[in-house]
Amino acid sequence: MKYVDVTTLTLEEKASLLTGAGFWTTTAIPAQNIGSVTFADGPHGVRHQKHGMDHLGLYNSEPATCFPPAVAVGSSWSVEVAARIGAALAREARALGVDVLLGPGVNIKRSPLGGRNFEYYSEDPLLSGVLASTYVNALQEQGVGASLKHFAANDQETERMVISSDVDERTLREIHLSAFERVVTEAKPATVMCSYNKINGVHASENKWLLTDVLRTEWGYTGAVISDWGAVRTRPAAAAAGLDLAMPGPGEYATQSLIEAVKSGAVEEATLDAAVGRVLGLTAFTGTDPATADLGAHHDLARELAAECAVLLKNKDKVLPLKPQSSLLVVGEFAQTPRYQGGGSSHVNATQVDIPLQQLEGRASANGTTVHYCPGFSLEPADEDSLREAAVAAARATDIAIIFAGNPEEEESEGFDRRRLELPPAQVQLIKAVAAAAPRTVVVLANGGVVSLEEWHDDVDAILEGFLLGQGGGKAITDLLFGDISPSGRLAETIPYRLKDTPTFLSFPGEQEHVRYSEGVMVGYRYYETVDQPVRYPFGHGLSYTNFEVSDLRAEAAGPDTIAATVTVTNTGEVAAKHVVQMYVSTAAGPVQRPERTLAAFTKILLQAGETRSVQLTLDRRALRYWDITRSDWVVPSGNYTIQVAENASEVLLQQDVQLDGDELAAALSLQSDVAEWVSHPVAGPALRDRLNQIMAANNQHLDDDSEGTKMMLSMPMNQILSILGGAIDGDWLLAMLNEPSQPATATA
Ligand code: BGC
């Protein structure tokens, strides 16, 4: 970056730099040597729109590889998948002249109905944060900036511009800010994008607590805060709260209002200077040599990575992988018109798309298997009865039916939430009818958010949940069905029996512009496990074509707030496959209700048939802490922590208790605390004792005299005693001592 002395810029120039020049670019000032920075969506592919102002993905962008969207990457539980996507996206971005990519999104899947769940990783902040950090590091290592979004508590589309997410602080910190915190501190994304919604009544774009106190002061963020497209309401208020760049532009009114706010003293010029410095910092991501992206190789990569994301939910009598057989019936419009990404701003104009039907036909012919196809249902208005009947007739004459079902695109997109958990009724009817007619039935699902399996689950033999797999999904599914690759995806979100079972059933999506996060920290599996609510498939579930055994868990304290664990994993089956080692922590330590168990660490490993490996995992402070509202701080309490190696969130395989010393805590005091707590405080206590004893001596009393009156006084709140003493002890003097770490203070009052 060429050095620009901010103080040489005029107020007008500075204000202009803080609003986009156009839809995707920042303002350039050639006379001052300041170039423009180019943004593009999005998380799983570069949506570079050379012309036009389309942030809703309505028009085609430049062709780019559509990698598996975050819903799939979350299900891969693989940092390697996240890293390889990040690096490939950087190459494509540089080839297209894009400097900053608008992703990843790390909002939490609070309800399965969330309209943008396909753009987010998980219901668990550790899984989301680790995958997103890896992606950002890989992207930025290649010289392309990331934009971590949507900050924060933007977990629904209903009323997204105005809704207030009303969330208590512990829930925010532990669940909804946690992945952001990890990515900010571990990967330093070039930008953080504030969301549209309000948090506890204040728009994210004007929320100083969020954008400055938490993000910058606490987490040490030094990059640029940019707005979601159109999220800025009042430009001066946003600047004062810590928002650097308002997007998109041009925004003459906003720029003018900023200039006037500085002139009137409502916003300090120093605030603008700091924001300009950070926006200019983004030019560090410009000027890198344009890369050439090998789109053919990226298509192969998209296929390879997609195969790691699909989750084998059910496999009765090992119907999968497919055995050599004479005939195969493929049913479902999605087999020839695949759904592989969601709608809205993240929509990528894929370079090519694998058609599942063609891939299956190609692979089956190598086995001498004939493939028949029936659409079974239509994505357009059609005579569903006759489509279904044709499929059922064909099912009677086949060895096995493979049905491609899922949510149609118009039900899953940015801009609105889903209304139901079930598949469209025509598809449900089709699955039941085909399953009744065919000797064996496999369902392959394509959906951005989880769907209910209840009406047909028991009728079919196998279910492969593909979610949305990107442009290589057709080949990946074929590889998995035929057993060329063993499935290794695991659910990153719970599949409930019923919508009514979900923790947000009563509060999602809120009413009258407020959504109350009444489930608190009990999101997803944290809730189901804590209240023993049965689910269809738990978080972490996923089958393989081999078996894994875990043994020999050894966990021990590696410090007051850290646990080191090792566990042995053996592939006891016949084929090589990847396995996700999931380690959870269960504890009742501390004064707050903790979830029954919480994901604390994970890793994915490849094991050849018969191979054994020892895996080491560290459960750090982050995995063990809770947010203490009385201290406004993280605490790892001393106590017992049960470390659990689990098949999934509800099936613990091995466990071991570890005793932790935890944090050394001085009692958190306020004037509401009782006198007994005050006199035992290490700093304030001795000074207060001296002072009280002086006062009590007048009545021949003493703090240790064990009299009724003294005991009563010790049990009273400090502020009541202060008022009884009528000013003889100064409350401010007491409070000031709480901030003195060292020697006990002497009484001065
Ligand atoms: C979305 C963002 C996106 C932006 C630019 C907004 O509508 O919420 O995720 O990055 O548009 O397209």
How many residues of the range 666-697 are small (Gly, Ala, Ser), within 16 Å of MET712 (Cα to Cα) and open to solvent by less than 20 Å² (accessible area, probe 1.4 Å)? The answer is 1
Item to complete: Could you tell me whether the range 411-428 includes any residue that is under 24 Å from LYS475 (Cβ atoms), touching a residue at least 40 places away in the same chain (Cβ under 8 Å) and within 16 Å of the ligand (Cβ to nearest atom)?
Response: yes
Cβ pairs under 6 Å, 6+ apart or interchain, first in the range 726-741 and buried (at least 16 other Cβ atoms within 10 Å of the Cβ), second of a type outside the set (A, V, I, L, M), ordered by first then second residue, are ILE729/ARG691
Scanning the range 212-231 residue by residue, those in a helix (DSSP H, G or I) and either in contact (Cβ under 8 Å) with a residue 60 or more places away in the chain or open to solvent by 10 Å² or more (accessible area, probe 1.4 Å) (or both) turn out to be THR212, ASP213, LEU215, ARG216, THR217, GLU218
The correct count of residues that are within 23 Å of GLY466 (Cα to Cα) and open to solvent by 80 Å² or more (accessible area, probe 1.4 Å) in the range 287-311 is 2
Note to self: Kindly evaluate ASP273 against the criterion of being outside the structural domain of LEU357 (by TED's automatic domain parsing) and open to solvent by less than 10 Å² (accessible area, probe 1.4 Å).
What the structure shows: no
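Yes or no, residue by residue, for (1) more than 24 Å from ASP41 (Cα to Cα); (2) within 16 Å of the ligand (Cβ to nearest atom); (3) under 24 Å from the mean Cα position of the chain (by Cα); (4) at pLDDT 95 or above:
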| residue | (1), (2), (3), (4) |
| --- | --- |
| ASP213 | yes, no, yes, yes |
| ILE226 | no, yes, yes, yes |
| GLY242 | no, no, yes, yes |
| GLY251 | no, yes, no, no |
| ALA254 | no, no, no, no |
| LYS263 | yes, no, no, yes |
| ALA266 | yes, no, no, yes |
| ALA270 | yes, no, no, yes |
| VAL279 | no, no, no, yes |
VAL330: passes all of (1) within 16 Å of the ligand (Cβ to nearest atom); (2) open to solvent by less than 40 Å² (accessible area, probe 1.4 Å) but (1)
Among residues of the range 602-617 being over 20 Å from ILE485 (Cα atoms) and more than 21 Å from the chain's Cα centre (by Cα), the residue most open to solvent (accessible area, probe 1.4 Å) is GLN616
LEU703 passes all but one of the listed conditions (1) open to solvent by less than 50 Å² (accessible area, probe 1.4 Å); (2) modelled with pLDDT under 90; (3) assigned to a loop (DSSP other than H, G, I, E, B); (4) not acidic (Asp, Glu); the exception is number (2)
Output yes when any residue across the range 381-404 is within 27 Å of the chain's Cα centre (by Cα) and assigned by TED's automatic domain parsing to the domain that holds GLY362, and no when none is.
no
Checked GLY406, GLY415, GLY473 against criteria (at pLDDT 95 or above, touching an Asp or Glu at 6+ places or on another chain (Cβ under 7 Å) and under 30 Å from GLN156 (Cα atoms)); the one match is GLY473
Quick count over the range 1-33, residues being outside any loop (DSSP other than H, G, I, E, B), of a type in the set (A, V, I, L, M) and modelled with pLDDT under 95, is 2
Across (1) closer than 30 Å to GLU174 by Cβ; (2) open to solvent by less than 10 Å² (accessible area, probe 1.4 Å); (3) of a type in the set (Gly, Ala, Ser), ALA83 clears everything bar (2)
- Inspect the range 108-116 for any residue being part of a helix (DSSP H, G or I), within 16 Å of the ligand (Cβ to nearest atom), open to solvent by less than 10 Å² (accessible area, probe 1.4 Å) and closer than 28 Å to THR603 by Cβ and give the result as yes or no. no
In the range 347-367, residues that are open to solvent by 60 Å² or more (accessible area, probe 1.4 Å) and not basic (Lys, Arg) total 6
ASN60 meets each of (1) within 16 Å of the ligand (Cβ to nearest atom); (2) crowded, with 24+ Cβ neighbours inside 10 Å with one exception, condition (2)
Checked against (1) within 14 Å of the ligand (Cβ to nearest atom); (2) touching a helix residue (DSSP H, G or I) at 6+ places or on another chain (Cβ under 6 Å), VAL98 satisfies every condition except (2)
Of the residues in the range 643-665, those that are under 23 Å from GLY590 (Cβ atoms) and open to solvent by 20 Å² or more (accessible area, probe 1.4 Å) come to VAL652, GLN655, GLN656, ASP657, GLN659, ASP661, ASP663, GLU664, LEU665
Selection status of TRP24, hydrophobic (A, V, I, L, M, F, W, C) and open to solvent by less than 10 Å² (accessible area, probe 1.4 Å): no
- Task: Evaluate the following for GLY470: is it at positive phi, in contact with a Phe, Trp or Tyr (Cβ under 7 Å, 6 or more places away or on another chain), in the same structural domain as ALA390 (by TED's automatic domain parsing) and surrounded by 24 or more Cβ atoms within 10 Å (Cβ to Cβ)?
- Result: yes
message: Against the definition (touching a residue at least 60 places away in the same chain (Cβ under 8 Å), in contact with a Gly (Cβ under 6 Å, 6 or more places away or on another chain) and not assigned by TED's automatic domain parsing to the domain that holds ASN367), how does GLY489 come out, yes or no?
response: no
- Message: Would you confirm whether or not the range 338-350 contains a residue that is modelled with pLDDT under 95, within 16 Å of the ligand (Cβ to nearest atom) and on the phi > 0 side of the Ramachandran plot?
- Response: yes
When you look at ALA132, is it within 16 Å of the ligand (Cβ to nearest atom) and outside the structural domain of ASP417 (by TED's automatic domain parsing), yes or no? yes
Looking across the range 28-41 at residues that are within 15 Å of ALA284 (Cα to Cα) and away from the ligand (no atom under 16 Å from the Cβ), the single one that is surrounded by the fewest Cβ atoms within 10 Å (Cβ to Cβ) is ASN33
Subset of the range 124-154, residues open to solvent by less than 10 Å² (accessible area, probe 1.4 Å) and assigned to a loop (DSSP other than H, G, I, E, B), comes to ASP124, VAL144, ALA152, ALA153, ASN154
When every residue in the range 470-507 that is among the β-branched types (Val, Ile, Thr) and not in a helix (DSSP H, G or I) is compared, the one nearest to the chain's Cα centre (by Cα) is THR494
* To do: Determine, yes or no, whether GLU119 is crowded, with 24+ Cβ neighbours inside 10 Å, acidic (Asp, Glu) and either touching a residue at least 40 places away in the same chain (Cβ under 8 Å) or not assigned by TED's automatic domain parsing to the domain that holds THR494 (or both).
  => yes
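The values are calculated or read from the model by the stated rules, or taken from the named source; none is laboratory data. Computed from a predicted model, the values in this text were never measured in an experiment. Neighbour counts are summed over all protein chains in view; Cβ atoms, including those assigned to glycine, are modelled from backbone coordinates with ideal geometry. Note: areas computed on protein heavy atoms with side chains; ligands, DNA, RNA excluded. Shrake-Rupley method; radii C 1.70, N 1.55, O 1.52, S 1.80 Å.
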